[in-house]
Each structure stands twice: as structure tokens, then as C-alpha cells.
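Structure first, then comments.
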Amino acid sequence: MTQTLWREPQIEEAPRNLILQNRCGNRLSLLFHEREVELDLSYKPNAFRRKDLAARTFSGRDVWTNLFAAIRAVDLGHGDIATWGYDPFRTELGVLYGNGARNRIRIWNLPEENAFVLSARAPLTLVFKPHRAFSDPRDGLFLERFADRGEEITSFVAYPSRQQSRLRDLSDGSRVVQLLEDDLVVIGGEETPGQVERLLAGLAGLTPDQLSARVEAALAAPLAAGRVTAADPELQRVLDLNRRVVWSGLDAGGACFGALNRIYHLVWVRDGSMTSAHMAQSGNPAFIRTWAPFLLANPSRVMAEDGTRHDEFGQLLGTRWSKAEDDGLFYATWSAFSHWQATGDDALLAGADLPRLVGAIERHLASRFDDQLGLMGSDTLGEESMHGSPYYGYDVVNGSISRWNGHAEGRKPVRWIHSLYHQANSVNVLLMAAALLAQRPELDGGRSARWLALAERITMRTRELLALPDGTLAAMILRFQDGSDERVPFGPGSDYWETAWAVSQGPFFPWPDLQLTTAALIRRDWPTYRSYGFCPWNCLARTLHEHGLLPAGGWRAMLDQQVREALLLTTKYPMPGALTEYAGEVESWRGLPFSAGSLMASSCAQLLRALPQGVAVRGGAAVQAVTGWRWRLSRIDATASGAGEEVAAWSLDGERFTRCLQVPEDRLRAGTHAIAITRGAAPAQARIEEADGSLIAYSESADGCTATFRSPVAQQVRVRNPGTVSATTADGAAVAVRRQVLPGTAYSMVMLPAGTITLRLA
């Protein structure tokens with residue numbers, strides 16, 4: 001493996017490559033060359049003991065520590081592998097040589113230890129090269145103690161015995177270990193020899209089958225939450241494997257990587273937040289419990305143009321070597337909000353994290369809001385710095401001169417961007433932050449009122465300036481160096497991913513009518529421009545499906561290419577089942593937690609749709625059940641029966657509902673609940689589909705329904721076939737009800753003010 005002067009992102013060099021990562025932070029890459037396999041084992045301190053930023057980012061994309069100078073499996077090349085049984089935690093390779101010789105090689109990724117285990121049924125020779133020299137504390141173990149970048153490290157190899165493993169020393173200090181009859185060889189790294197002995201004591205005497213059982217036992221609880229039972233085996237296989245991919249991509253200290261591949265091995269604010277928030281929406285809050293505290297405690301400390309320094313959530317976590325991607329603040333706020341909503345635990349809001357986030361929000365508003373235009377602005381387009389940035393022309397992550405040049409795209413020099421994505425994110429930040437501040441009123445000091453007024457202004461100005469005659473939203477307004485502006489619709493010249501997220505991710509939707517029509521446009525047109533990205537595509541599929549804008553089977557059809565390509569045995573990364581990033585680009589990166597998270601959330605939403613402050617049921621035909629779906633102190637098992645994709649009726653613990661699909665919170669006591677969904681024709685009467693506020697009480701009768709919602713911010717309630725609608729405040733005062741029709745659907749949005757509001761439908 002080579003490293004360049006500029007520390008450019010490294011790509012696995014071999015023709016074929018497998019990548020495994022454990023939850024302690026260690027990563028094992030198997031690089032299959034023509035005549036040998038290189039095992040690249042990079043080290044981080046054990047995440048179950050070391051959760052500080054320096055430990056979690058110790059080995060990244062550009063600067064890493066290998067536990068061994070080299071590890072090689074000899075007499076084995078990529079052409080000798082007959083079957084590639086990839087799994088993030090238990091991989092099995094079938095070997096067939098040209099002479100007919102066979103072997104079975106297994107690799108275990110120990111989820112909770114800084115080690116991997118290898119075995120072979122027939123002879124396999126491994127060569128380990130030290131940085132300096134190995135030592136032998138006992139038969140069956142050799143190790144090397146060394147220091148790198150201030151860390152004391154102990155690399156080790158545990159094997160059956162000198163005699164059984166034919167241990168040999170080479171002149172360069174390397175050790176040769178041979179495997180036979182499913183011998184287990186443990187390789188890894190720890191901080192001290194004592195920790196190595198502790199680790200090995202827990203593995204002593206295990207057979208391969210017992211080791212497999214131990215690995216699965218460690219995965220059982222975290223992977224049981226929000227498990228989807230799909231209606232077809234291909235989708236099921238992809239969902240099951242990628243749940244394991246996501247869990248391996250988030251270490252126990254909170255670091256989450258964009259993909260298992262080297263090129264993604266940095267901690268992105270967006271990727272980790274998206275992964276964790278989407279998994280929370282999938283009924284699995286374990287990710288957000290780990291990620292959110294780590295993220296909020298580690299902002300980037302950056303210098304402004306006036307020389308002052310401040311905390312910022314940008315592209316990367318905890319470093320000034322980060323691009324000023326302005327969505328970082330949204331993802332940090334969404335992480336905090338998702339943690340609070342999904343877990344019901346407000347401990348994260350009680351300490352220093354919320355004031356730190358509030359400070360970052362205030363700084364962002366002061367530096368990014370264009371008061372004359374009434375929109376948020378940015379000096380970054382996607383990942384590229386514009387002329388308004390002090391780092392224009394640089395890739396500041398690498399410290400190198402950027403190869404990108406906007407002039408080559410036929411544009412005048414762009415100074416500033418006012419993107420739809422930035423407006424949607426900013427309104428969401430202000431709404432979520434106001435809701436969080438309501439939990440700590442001593443921090444408010446008038447902020448909530450100011451923020452909510454600003455959110456309303458951005459919402460209004462976006463509708464005025466970005467709405468197009470066809471009822472969709474433009475992707476952005478470009479402001480050039482010469483002072484002129486250009487409004488750019490979705491298409492070439494826009495950022496496809498960002499615009500798709502802006503209209504489909506939420507959690508709040510400030511322009512529900514325009515966002516919905518834009519989502520439909522993107523679904524139609526994006527594949528005609530270029531390969532679409534699976535992560536935003538999954539968000540689009542969820543949004544369009546739940547609004548009835550897809551034909552029968554349309555949600556599953558939107559996922560078809562993604563599922564088919566995930567199951568391919570590709571050349572560069574033969575990891576069948578692991579998601580790829582772009583449609584049609586099957587040789588690109590695999591094992592992307594952020595793509596997997598969006599797929600899980602979209603799939604769970606076929607039956608259980610996570611809302612900003614609650615959960616609603618759905619009737620999607622592509623999913624038969626969602627089990628162990630966790631929300632706060634409740635665990636929900638949902639099943640569906642019947643034909644079609646509409647909900648005819650549903651029950652919670654035996655109580656039947658027909659006029660509201662949002663689950664009333666007063667029925668969700670701590671413990672287990674059963675939801676049974678009956679698919680069929682939707683009732684002709686008015687029905688509440690969902691709201692972005694909490695549904696704290698609900699009742700229905702033959703004449704209508706009464707729902708009481710509560711939210712610190714203004715509320716939207718989506719209603720099917722609205723008839724007579726009225727609303728009152730907690731003290732009985734009438735509320736003026738405003739409706740907004742969602743074009744092309746049977747739905748309208750009913751707009752309600754903040755507070756406790758009772759809505760009546762007749």
C-alpha cells in the first residue's frame with residue numbers, strides 16, 4: 001500500500017478486495033493479487049474503552065497505522081477463489097486451484113474485540129512481517145510492542161502451537177504460520193499485552209462453529225430492533241446483509257464511516273448523521289445513541305476571516321481540515337433531535353452539547369443569511385468551494401490544489417449559492433432547535449421566537465424565489481462574481497443528490513405541495529441525466545409512495561436496480577449483497593452505511609413510518625412485517641395482511657382504528673405492543689394520515705374523530721379526503737384552520753399553530 005505526498009484518498013490496489021471492520025475500530029482489508037493475498041490490518045484503540053476523538057480518528061483515510069509491516073497469504077490469488085461468501089462478520093471463501101485442490105477459508109470479524117480470526121480446512125501459509133521484531137511470551141503467541149503517533153500498541157498473532165503451525169523465522173524477521181484442519185489464528189492489536197491475554201482467554205478452546213455462534217450472539221440484540229420481513233427473498237437478503245454492514249461501520253465510540261472502503265474512511269458529519277437518524281427512523285435507536293453524543297462533543301474549531309475562532313459542524317467531524325459544507329449544521333441538529341425523539345432521553349440536552357449547538361446555529365445564521373434576499377447562502381456547491389470562500393481552488397481536506405474548475409462547465413465565476421437544499425435544511429434546523437430549546441427554556445432568551453420568525457421568512461422567500469411555473473422548485477440560485485444571478489432548475493448544473501434530499505428527507509417539509517411535485521419530477525428525470533444515487537433515491541421512493549404517487553408495486557420497482565446490483569458478484573469488490581452507491585456503477589464502492597440506512601428507513605416506512613414527533617402506520621405491500629421497532633420505551637411488532645397498498649383499518653393491542661394512521665402516544669406505554677394492519681380500500685371518510693406534532697390523545701366514532709396534537713412549533717397534519725375540519729386551543733378558543741391541497745393526491749395539509757391543539761374531522 002502506498003501513500004502519496006498530498007495524502008490523497010487511497011483506493012485498494014488489488015484487482016479484487018474484501019473489507020471488514022469491527023466495532024472496536026480495526027479494519028481488515030484483504031487485497032487479492034494474482035499470486036498472493038495482502039492482508040492490510042489498520043489499528044484504532046479499542047472503542048469499548050477509548051471514545052475520545054483522537055482514538056476514534058487515529059487511523060483514517062490518509063494517515064493510518066498498520067499493526068504489521070505486512071501480512072501475506074502465499075500460493076493464493078484472486079483467480080483461485082471459486083466462491084466469495086462475503087459477510088461483514090463471517091466471510092467464507094471457497095478455493096479451487098487449477099489442479100483441482102480445494103480449500104475453505106473463513107474469516108471472523110469479532111464485533112467487540114480488536115481482532116480478527118482466520119481458519120483454513122486445507123493448508124494455507126501466512127507470512128507476518130514486523131515493524132522491527134516480534135517477541136514470544138509463550139508458545140502459541142507472538143507479538144510486537146511499538147509506538148506510533150503517541151500511542152502504545154501491541155500487535156499479536158495467536159496460533160495453535162509452534163509444532164502444529166510449523167512456525168518458522170525468516171531472515172528479515174518475518175514469521176511463517178501454516179494453517180490446517182480449521183485451525184484458528186487470531187490477529188489483532190491492543191494497547192498492552194495484558195489486554196491481548198484477556199482477549200485470547202475469552203476465545204480459548206472454541207471450535208469454528210462455536211466462534212460463529214459467539215459472533216452471532218454479540219449481534220443478536222442490536223440487529224433485532226426494527227427488523228423487516230420483506231415480501232421477496234432478494235430484498236430480504238439485501239436488507240439482512242446491510243443491517244450487518246451498517247453495524248460494522250459504526251464503532252462503539254461513535255465514529256461512523258461513509259463506507260468500509262479506504263476512500264471513505266473519514267468521519268463525515270453528514271454520512272454518520274444520516275446513517276444514525278435513518279436507523280432511528282427504522283426503529284433501531286442504538287446507532288443514534290452512540291453517534292449523537294460523539295458528534296455534538298466534537299465540532300470543528302475553525303478560523304473566520306476576521307481571525308476569530310468558533311465551533312462549526314461542517315463536512316468532517318472534529319477537524320479544521322474540512323470543507324465548509326453547510327449541511328453539517330443540519331445533520332448535527334437532526335442528530336440531536338433524533339436522539340431526543342427516538343430514545344425519549346433528554347440527558348443529551350442537559351449538558352454542554354446543546355449550548356454548543358446553539359452557538360454554532362447562531363454563528364451560521366450570522367454568516368450565511370442574506371437579509372436582502374431573505375435566503376440562506378453558501379460559498380460551497382456540493383463539495384466545491386466557490387469564489388466567496390477563502391479556500392477557493394483548494395481541496396482543504398487534503399491540503400491540495402483542487403482539480404475542479406467551475407469555469408470548465410461554461411459558467412462565470414460563482415461567488416455564492418442559494419440552494420433549495422440549504423433553505424430546507426435551515427428551516428429544519430430552526431424548527432428542530434426551537435423544539436430542543438423548549439426542553440431548556442433557560443437557554444432561550446428570545447431565540448425561539450427569533451428563529452421561528454426567520455424560518456417563516458425563509459419559507460416564504462423560498463416559495464417566492466425558487467418556485468417555478470410548473471409547480472416545482474428550482475435547485476438553486478447562483479450569484480456570480482459580477483453580481484448577476486441565475487436560477488437553476490433540477491438537471492445539469494444542479495446538485496442532484498442535494499436537491500433530492502431537499503424534497504424527500506425532512507423531517508419537516510416547509511413546502512409540502514412544491515416538494516412533492518419536485519420529488520416526482522426528480523424521479524422522472526434524474527435517470528435521464530446521469531446515474532442516480534441510491535441514498536436519495538430511497539428517500540424519494542418513501543415520500544412518493546406514502547403520498548400515492550407511485551403505481552401499485554411502484555416502491556419496490558424503484559428499488560429494483562439497487563437490489564439487483566447489490567446482489568452482483570463484482571470484480572473490484574466481490575461483496576455480493578453489499579449496496580453500491582450509484583445506479584449502474586457496479587464496480588464502485590460497496591458497504592455504505594448511509595445508503596443502507598436510507599434503505600432501512602424506506603423499507604420500514606412501508607408499515608411503520610417514523611414522524612418528526614411520532615409514528616404512523618402504512619400498508620405497503622413489499623413488506624409483510626416489522627418487528628422489534630423501538631421508539632422511546634416502546635417496542636412495536638407490526639404485521640400486515642390483505643391486498644393492495646392502502647390501509648383499510650389497523651389495530652393496536654386489539655383496539656381498532658380507521659380514521660387516523662398516526663399512533664396515539666397515550667396508548668404507547670412502556671413495553672411491547674402489537675400492530676395489525678389490514679390492507680384494502682381506504683375509507684371514503686376523512687382520515688388523518690400523519691402530523692409532524694405529537695398525537696397525545698385520540699378518539700373516533702361513526703361521526704368523525706378528535707385528535708389532540710402538541711408541538712413547540714407550528715404543525716402540519718396531512719388529511720385524506722378532508723371534510724368538515726375544526727380546531728381549538730387547550731383553553732377551547734377556536735383556531736383558524738388553513739388548508740393546502742397536495743396536487744395529484746387525495747390529501748390536503750391542515751396547518752395548525754404551535755401548542756396543544758385539538759383537531760376535529762367530521
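Numbers for the structure displayed
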| item | result |
| --- | --- |
| Condition met for Leu466 (in contact (Cβ under 8 Å) with a residue 40 or more places away in the chain and assigned by TED's automatic domain parsing to the domain that holds Asn425) | yes |
| Any hit, the stretch 159-169, residues being touching a residue at least 12 places away in the same chain (Cβ under 8 Å), buried (at least 20 other Cβ atoms within 10 Å of the Cβ), of a type in the set (D, E, K, R) and not in a strand (DSSP E or B) | no |
| Residues (surrounded by 15 or more Cβ atoms within 10 Å (Cβ to Cβ), hydroxyl-bearing (Ser, Thr, Tyr) and in a loop (DSSP other than H, G, I, E, B)) located in the stretch 482-500 | Ser494 |
| Odd one out for Leu39 among (1) under 22 Å from Val397 (Cβ atoms); (2) in a strand (DSSP E or B); (3) of a type outside the set (Gly, Ala, Ser) | (1) |
| Residue tally, condition closer than 25 Å to Leu633 by Cα and of a type in the set (Ser, Thr, Tyr), over the stretch 259-308 | 5 |
| Neighbours by Cβ (under 8 Å, 6+ apart or cross-chain): first from the stretch 653-678, closer than 17 Å to Ser641 by Cβ and in contact (Cβ under 8 Å) with a residue 40 or more places away in the chain; second among the aromatic types (Phe, Trp, Tyr) and outside any strand (DSSP E or B) | none |
| Count of the stretch 555-577 residues which are out of contact with any strand residue (DSSP E or B) (no Cβ under 9 Å at 6 or more places or on another chain), of a type in the set (A, V, I, L, M, F, W, C) and assigned to a loop (DSSP other than H, G, I, E, B) | 2 |
| Number of the exception - Glu181 against (1) part of a helix (DSSP H, G or I); (2) surrounded by fewer than 15 Cβ atoms within 10 Å (Cβ to Cβ); (3) in contact (Cβ under 8 Å) with a residue 12 or more places away in the chain | (1) |
| Residue that is farthest from the chain's Cα centre (by Cα), among those in the stretch 702-733 that are within 11 Å of Arg659 (Cα to Cα) and part of a strand (DSSP E or B) | Gly704 |
| Helices (runs of 4 or more DSSP H) contained in the stretch 278-391 and holding at least 3 residues touching a residue at least 12 places away in the same chain (Cβ under 8 Å) and of a type in the set (Ser, Thr, Tyr) | 327-343 |
| Criterion violated by Arg479 - all others in (1) touching a Gly at 6+ places or on another chain (Cβ under 7 Å); (2) in a strand (DSSP E or B); (3) among the charged types (D, E, K, R) satisfied | (1) |
| Identity of the residue in the stretch 617-637, in a strand (DSSP E or B) and touching a helix residue (DSSP H, G or I) at 6+ places or on another chain (Cβ under 9 Å), that ends up farthest from Trp247 (Cα to Cα) | Val623 |
| The lone exception for Gln210 - which of (1) assigned to a strand (DSSP E or B); (2) under 30 Å from Phe287 (Cβ atoms); (3) over 29 Å from the mean Cα position of the chain (by Cα); (4) not charged (D, E, K, R) it fails | (1) |
| Any chance Ala54 is in the same structural domain as Phe142 (by TED's automatic domain parsing) and in a helix (DSSP H, G or I) | yes |
| Arg656 being in a strand (DSSP E or B), surrounded by fewer than 24 Cβ atoms within 10 Å (Cβ to Cβ) and within 27 Å of the chain's Cα centre (by Cα) | no |
| Meets criteria (within 18 Å of the chain's Cα centre (by Cα) and not assigned by TED's automatic domain parsing to the domain that holds Asp371) for Pro507 | no |
| Among residues of the stretch 453-476, those that are outside any strand (DSSP E or B) and over 28 Å from the mean Cα position of the chain (by Cα), counted | 14 |
| Residue in the stretch 690-701 that is surrounded by fewer than 16 Cβ atoms within 10 Å (Cβ to Cβ), outside the structural domain of Met432 (by TED's automatic domain parsing), under 27 Å from the mean Cα position of the chain (by Cα) and not in a loop (DSSP other than H, G, I, E, B) present | no |
| Index of the failed condition, Gln315 passing every other in (1) buried (at least 18 other Cβ atoms within 10 Å of the Cβ); (2) more than 26 Å from Thr499 (Cα to Cα) | (2) |
| Single match in Ala682, Ala640 (criterion: surrounded by 17 or more Cβ atoms within 10 Å (Cβ to Cβ) and modelled with pLDDT under 95) | Ala682 |
| Restricting the stretch 233-243 to residues that are buried (at least 22 other Cβ atoms within 10 Å of the Cβ) and not hydrophobic (A, V, I, L, M, F, W, C), the residue that is nearest to Arg49 (Cα to Cα) | Arg243 |
| Answer residue from the stretch 352-371, given it is among the aliphatic types (A, V, I, L, M) and surrounded by fewer than 16 Cβ atoms within 10 Å (Cβ to Cβ) and is farthest from the chain's Cα centre (by Cα) among those | Ala366 |
| Residue among Gly584, Gly591 that alone is in contact with a Leu (Cβ under 6 Å, 6 or more places away or on another chain), touching a residue at least 40 places away in the same chain (Cβ under 8 Å), part of a loop (DSSP other than H, G, I, E, B) and not assigned by TED's automatic domain parsing to the domain that holds Arg687 | Gly591 |
| Qualifying residue in the stretch 246-262 (condition: assigned to a helix (DSSP H, G or I) and surrounded by fewer than 21 Cβ atoms within 10 Å (Cβ to Cβ)) | no |
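Every residue, every condition in (1) touching a Gly at 6+ places or on another chain (Cβ under 6 Å); (2) on the phi > 0 side of the Ramachandran plot; (3) aliphatic (A, V, I, L, M), yes or no:
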{"residue": "Arg49", "(1), (2), (3)": "no, no, no"}
{"residue": "Leu53", "(1), (2), (3)": "yes, no, yes"}
{"residue": "Asn66", "(1), (2), (3)": "no, no, no"}
{"residue": "Asp75", "(1), (2), (3)": "no, yes, no"}
{"residue": "Pro123", "(1), (2), (3)": "no, no, no"}
{"residue": "Ser135", "(1), (2), (3)": "no, no, no"}
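Here's the yes/no breakdown for (1) modelled with pLDDT of 95 or more; (2) crowded, with 23+ Cβ neighbours inside 10 Å:
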| position | (1), (2) |
| --- | --- |
| Pro9 | no, no |
| Ala14 | yes, no |
| Asn17 | yes, yes |
| Asn22 | no, yes |
| Gly25 | no, yes |
| Ser29 | yes, no |
| Phe32 | yes, yes |
| Arg49 | no, no |
| Asp52 | no, no |
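Each row is one residue, and each column tells you yes or no for (1) of a type in the set (Lys, Arg); (2) crowded, with 24+ Cβ neighbours inside 10 Å; (3) without any contact (Cβ under 8 Å) to a residue 60 or more places away in the chain; (4) under 30 Å from Glu13 (Cβ atoms).
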residue: Asp525; (1), (2), (3), (4): no, no, yes, no
residue: Tyr529; (1), (2), (3), (4): no, no, yes, no
residue: Cys535; (1), (2), (3), (4): no, yes, no, yes
residue: Gly553; (1), (2), (3), (4): no, no, no, no
residue: Leu559; (1), (2), (3), (4): no, no, no, no
residue: Ala566; (1), (2), (3), (4): no, yes, no, yes
residue: Ala601; (1), (2), (3), (4): no, yes, no, no
residue: Leu611; (1), (2), (3), (4): no, no, no, no
residue: Trp629; (1), (2), (3), (4): no, yes, no, no
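The values are calculated or read from the model by the stated rules, or taken from the named source; none is laboratory data. Owing to the predicted nature of the structure, the values given are computational and were not obtained by experimental measurement. Cβ coordinates were reconstructed from backbone atoms using ideal geometry, including for glycine residues, and neighbour counts include every protein chain displayed.
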